[in-house]
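Taking it in order: structure first as structure tokens, then the write-up.
The values are calculated or read from the model by the stated rules, or taken from the named source; none is laboratory data. Not measured: the values here are computed from a predicted model. When we count neighbours, we look across all protein chains shown, and the Cβ atoms used for this are built from the backbone with ideal geometry, even at glycine. These area figures cover heavy atoms from the full protein model, side chains too; ligands, DNA and RNA do not enter into them. Shrake-Rupley method; radii C 1.70, N 1.55, O 1.52, S 1.80 Å.
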Amino acid sequence: MAIIKFINEKKEVQVPEGSNLRAEAQRAGVGLYPGINKALNCHGFGQCGSCRVLIPKGMDHASPMGFMEKLRLRFSMAFVGNEKTMRLACRTKVNGDMEVLTRP
């Protein structure tokens, strides 16, 4: 079991290894989407980029970034300077303990 610590929400949840970060955040009641994106998002298909998160600790426990995720993040201004810690929650598998900063 892995522990995800959501920094902004001051929540810790225990999840099975290999879990999807977006699904576990939603299950824990953590809001990933800012503003209008709560209703207008791609529902986990990695197309909108609005579920981006920063993983300051435990990035080595996240699944490798795929081509489509890399491509999607390249178009995000928030990605500049955060290349080593930013991920899309919908495309990230949790393989160990990590700290997550939502809505960076």
_Which residue fluctuates most in the GNM of the chain (Cα springs below 10 Å): A62, A39, A23?_
A39
*Write down the accessible area per residue of the chain in Å², having rolled a 1.4 Å probe over the full set of protein chains.*
57 Å²
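Probe radius 1.4 Å, ligands and nucleic acids ignored: give me the carbon and sulfur share of the accessible area of the chain as a rounded percent. Write down the numbers at each step before the final one.
Working: 3320 of 5910 Å².
Answer for the chain: carbon and sulfur cover 56 percent of the accessible area.
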*Please label the shape of the stretch 25-73 as rounded, prolate or oblate, based on the square roots a ≥ b ≥ c of the eigenvalues of the alpha-carbon gyration tensor (a/c under 1.5 means rounded; beyond that, a/b larger than b/c means prolate, else oblate).*
oblate
*Accessible area, 1.4 Å probe, largest first: how do K57, K5, K84 sort?*
K84, K57, K5
*Which Cys residues of the chain have no other Cys beta carbon under 4.7 Å away?*
C51, C90
*Counting Lys and Arg as +1 and Asp and Glu as -1, what is the net charge of the other residues whose Cβ lies under 13 Å from the Cβ of P56?*
+1
